[in-house]
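Enquirer: Submitted below is the structure of interest, expressed as structure tokens.
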Amino acid sequence: MTLKEAIVLRHSVRKYLDKPIEAPAREAMNRLAAECNAESGLHIQIIYDDSTCFPALLAHFGMFRNAKNYIALVGKSSVPDLSGICGYYGQRLVLAAQQQGLNTCWIGGSYKKKKTAAEIAADEELICIIALGYGETQGSPRRSKPMEALCNVADADMPAWFRHGVMAAQLAPTAMNQQKFYITLEGDTVTVTETKKNAMSAIDRGIVRYQFEAGSGHRCF
């Protein structure tokens, strides 16, 4: 599966098979997590076979099943835009998971942070987690806003690479699927901004940034 195929095929999944993640997939995900940490300075950890932080999810949503693995997005509290950076590298791991035959779900706040098995130093913060496993289904697509509502470039003036990036951004997961972001092209520079601030908006911005880059092959800020 190519990265662009993973963008199209990846959907949020909350119900998983009662099946351990196989060794080759673990190795690939662990290797990528280490690469992301080396590149970003984050302290991302992948926790396997541990469900202690998920009971709150079951109580709150009533729809998570067999959630036993997760990616913990951790970084130093002093890092500027820590949430945005976690969103960027988290989505990189999400798409890699899809390529490994795994399914995922971003989880913002309805879980027991103190019961995660992640190592969190005194100067670090757990931003959010991403559920990981073999889904009972592959999930289903959600409605996206039209392209003209998400960027500042008219359809007739849109370079092909920018169009591919915006199309990928349309498929990016965001909180409650609200897509509160806007993509601006000025010269050759692409910028993603939040159109509404909330607890997840910076994370969403990071997710969209990576998704745009994966779809377009161009850097995004």
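Enquirer: Count the lysine pairs in the chain that are 8 or more places apart or on different chains: how many have C-alpha atoms under 15 angstrom apart?
Expert: Values: LYS15/LYS68; LYS19/LYS68; LYS68/LYS112; LYS68/LYS113; LYS68/LYS115; LYS145/LYS180; LYS180/LYS196; LYS180/LYS197.
For the chain, the number of qualifying lysine pairs is 8.
Enquirer: What helices does the chain hold that run 20 Å or longer along their axis, going by alpha-carbon atoms, with a Kyte-Doolittle average of -0.5 or more, using DSSP H for the helix calls?
Expert: The qualifying helices are 82-99, 201-216.
Enquirer: Taking only C-alpha pairs under 8 Å that are 6+ residues apart, what is the relative contact order of segment 3-133 in percent?
Expert: Working: 217 pairs, mean separation 46.7, N = 131.
Relative contact order comes out at 36 percent.
Enquirer: Something else: From the C-alpha gyration tensor of segment 147-216, pull out the three semi-axes of the equivalent ellipsoid (sqrt of 5λ each), sorted largest to smallest, in whole Å. If you can, show how the numbers build up before the last one.
Expert: Values: eigenvalues 78, 27, 22 Å².
For segment 147-216, the ellipsoid semi-axes come out as 20, 12, 10 Å.
Enquirer: Here is a follow-up. Rounded to the nearest 500 deg cm²/dmol, what is the calculated helix-only ellipticity per residue at 222 nm for the chain, with -39500 (n - 2.57) per DSSP H run of length n ≥ 4?
Expert: Working: 6 runs with 77 residues, N = 221.
Result for the chain, helices only: -11000 deg cm²/dmol.
Enquirer: Report the far tail of the P(r) of the chain, meaning the percent of Cα-Cα pairs longer than 34 Å.
Expert: 10
Enquirer: Then there is this: Which whole-number percentage describes the relative contact order of the chain, with Cα contacts under 8 Å and a sequence gap of 6 or more? Please report the intermediate quantities before stating the final value.
Expert: Details: 417 pairs, mean separation 56.5, N = 221.
That works out to 26 percent.
Enquirer: Using a 10 Å cut-off around each Cβ, can you sort LYS15, LYS115 from fewest to most neighbouring Cβ atoms? Can you show the working numbers first?
Expert: Numbers: LYS15 16, LYS115 13.
Going from least to most buried by this count: LYS115, LYS15.
Enquirer: May I pose another question? Let me check against my output: what whole-number percent is the relative contact order of segment 147-216, with C-alpha pairs under 8 Å and at least 6 apart? Please list the in-between numbers first.
Expert: Values: 90 pairs, mean separation 27.9, N = 70.
Rounded, it is 40 percent for segment 147-216.
Enquirer: Moving on to the next point. Listing MET158, MET200 from the residue with the fewest other Cβ atoms within 10 Å to the one with the most, what is the order? Don't skip to the answer; put the middle values down first.
Expert: Working: MET158 17, MET200 22.
The fewest-first ordering by Cβ neighbours comes to MET158, MET200.
Enquirer: A follow-up question, please. Applying a 10 Å radius around every beta-carbon, put 163-174, 31-42 in order of their mean neighbour count, most first.
Expert: Details: 163-174: 22.2, 31-42: 15.5.
Averaged packing, sorted descending, gives the order 163-174, 31-42.
Enquirer: Using Cβ contacts closer than 10 Å as the measure, can you line up SER201, SER12, SER78 from fewest to most?
Expert: Numbers: SER201 21, SER12 17, SER78 9.
Sorted ascending by nearby Cβ count, the order is SER78, SER12, SER201.
Values in this text are rule-based calculations from the coordinates and carry no lab data. Fair warning: this is a prediction, and the values are worked out from it, not measured in the lab. FYI the Cβ positions are ideal-geometry reconstructions off the backbone, even for glycines, and counts take in every protein chain you see.
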